[in-house]
1. Any residue that is surrounded by 10 or more Cβ atoms within 10 Å (Cβ to Cβ) and over 30 Å from Leu22 (Cβ atoms) - is there at least one of those in segment 56-64?
2. Hey, could you check segment 6-28 for residues that are in a loop (DSSP other than H, G, I, E, B) and of a type in the set (Lys, Arg) and say which is nearest to the chain's Cα centre (by Cα)?
3. Looking only at segment 69-88, decide whether some residue is surrounded by 11 or more Cβ atoms within 10 Å (Cβ to Cβ) and either in contact with an Asp or Glu (Cβ under 9 Å, 6 or more places away or on another chain) or not β-branched (Val, Ile, Thr) (or both).
4. Please determine, by comparing only the residues of segment 48-104 that are among the β-branched types (Val, Ile, Thr) and in a helix (DSSP H, G or I), which one is nearest to Ile24 (Cα to Cα).
Amino acid sequence: MGKVMDEEIKRWTAKRKSALVLEIIQGKTTVAEASRQFDLSPSELEDWVDQAKAGMENALRAKPEDVREQYERKLKDMQEAYGEAMLELRARKKLQSLLGEDET
């Protein structure tokens with residue numbers, strides 16, 4: 001008996017959960033029906049549905065490519081700003097040495 005239950009629990013992979021949640025969202029089955037059919041608690045199924053909806057929202061919020069592009073653009077801007085600051089610093093040092101000013 002215990003082994004059979006363990007096997008049943010193990011079989012609830014993310015893929016299987018997704019398929020069941022999709023059927024619930026599409027109205028092909030209800031939480032109550034799925035709960036009876038698969039011997040799962042309705043609250044557990046509702047949690048899966050909530051997690052799936054949150055995951056969908058995050059997936060649709062921003063594509064990873066968009067996020068990477070934004071990051072790369074910021075990085076490039078920072079590198080350019082750093083380069084300009086270094087050039088300006090070198091120019092000041094050169095000017096100071098030409099004018100014979102001591103750095104104190």
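What follows draws every value from the coordinates through simple rules; no lab data is involved. Not measured: the values here are computed from a predicted model. Here the Cβ positions follow ideal geometry from the backbone for every residue, glycine too, while neighbour counts run over all protein chains shown.
1. Filtering segment 56-64 down to residues surrounded by 10 or more Cβ atoms within 10 Å (Cβ to Cβ) leaves 56, 59, 62-63.
In the following step, the residues that additionally are over 30 Å from Leu22 (Cβ atoms) were identified as none.
No: segment 56-64 contains no residue that is surrounded by 10 or more Cβ atoms within 10 Å (Cβ to Cβ) and over 30 Å from Leu22 (Cβ atoms).
2. Going through the qualifying residues, I end up with Arg11.
3. Looking only at segment 69-88, we keep the residues that are surrounded by 11 or more Cβ atoms within 10 Å (Cβ to Cβ), and these are 69-70.
Filter once more, so that each one left must be either in contact with an Asp or Glu (Cβ under 9 Å, 6 or more places away or on another chain) or not β-branched (Val, Ile, Thr) (or both): 69-70.
Checking segment 69-88: at least one residue is surrounded by 11 or more Cβ atoms within 10 Å (Cβ to Cβ) and either in contact with an Asp or Glu (Cβ under 9 Å, 6 or more places away or on another chain) or not β-branched (Val, Ile, Thr) (or both).
4. So, considering only residues that are among the β-branched types (Val, Ile, Thr) and in a helix (DSSP H, G or I), the one nearest to Ile24 (Cα to Cα) is Val49.
So that you can scan it fast, the table gives a plain yes or no per residue for (1) more than 17 Å from the chain's Cα centre (by Cα); (2) β-branched (Val, Ile, Thr):
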| position | (1), (2) |
| --- | --- |
| Thr30 | yes, yes |
| Arg36 | yes, no |
| Ala52 | no, no |
| Met56 | no, no |
| Leu60 | no, no |
| Lys76 | yes, no |
| Leu87 | yes, no |
| Arg92 | yes, no |
